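Visitor: Shown below is the structure under consideration.
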């Protein structure tokens, strides 16, 4: 199974993302068990790829949750950006 790209993760639905996450965690635990048992894995770098894929999925999920929270509070992230730019302009003028 090839590694998964960030763009692919971002385009997935949250349900599909969680399915992939479970799949990767299962494969990671299987590979780790093989290593602990003293067996040789065909591709040792696969463990690193899987860990990174899991981290990418969790990062995208957390970013979506965070952006939803921000948009609920302020309306949008762009509003925050514009407010901070206005503050910087005022600070420069003073």
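The values are calculated or read from the model by the stated rules, or taken from the named source; none is laboratory data. Model, not experiment: these values are computed from the prediction. Ideal geometry is used to build each Cβ from the backbone, glycine not excepted, and the neighbour counts take in all protein chains shown.
Here is a yes/no grid of residues against (1) in a helix (DSSP H, G or I); (2) modelled with pLDDT of 95 or more; (3) more than 18 Å from residue 5 (Cβ to Cβ); (4) touching a strand residue (DSSP E or B) at 6+ places or on another chain (Cβ under 8 Å):
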residue	(1), (2), (3), (4)
25	yes, yes, yes, no
43	no, no, yes, no
54	yes, yes, no, no
57	yes, yes, no, no
63	yes, no, no, no
66	yes, no, yes, no
71	yes, no, yes, no
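Visitor: Identify the single condition in (1) modelled with pLDDT of 95 or more; (2) closer than 26 Å to residue 67 by Cα that residue 14 does not satisfy, given that it satisfies every other one.
Guide: With respect to (1) modelled with pLDDT of 95 or more; (2) closer than 26 Å to residue 67 by Cα, residue 14 is out only on (1).
Visitor: I want to confirm something. Restricting to the range 2-11 and keeping residues that are under 26 Å from residue 43 (Cα atoms) and either out of contact with any helix residue (DSSP H, G or I) (no Cβ under 8 Å at 6 or more places or on another chain) or modelled with pLDDT of 95 or more (or both), which single residue is surrounded by the fewest Cβ atoms within 10 Å (Cβ to Cβ)? Show your work before the answer.
Guide: Quick first cut of the range 2-11, residues under 26 Å from residue 43 (Cα atoms) only: 2-9.
Then keep just the ones that are either out of contact with any helix residue (DSSP H, G or I) (no Cβ under 8 Å at 6 or more places or on another chain) or modelled with pLDDT of 95 or more (or both); that gives 2, 5, 7-8.
Working: 2: 5, 5: 11, 7: 7, 8: 12.
Restricting to residues being under 26 Å from residue 43 (Cα atoms) and either out of contact with any helix residue (DSSP H, G or I) (no Cβ under 8 Å at 6 or more places or on another chain) or modelled with pLDDT of 95 or more (or both), the top hit is 2.
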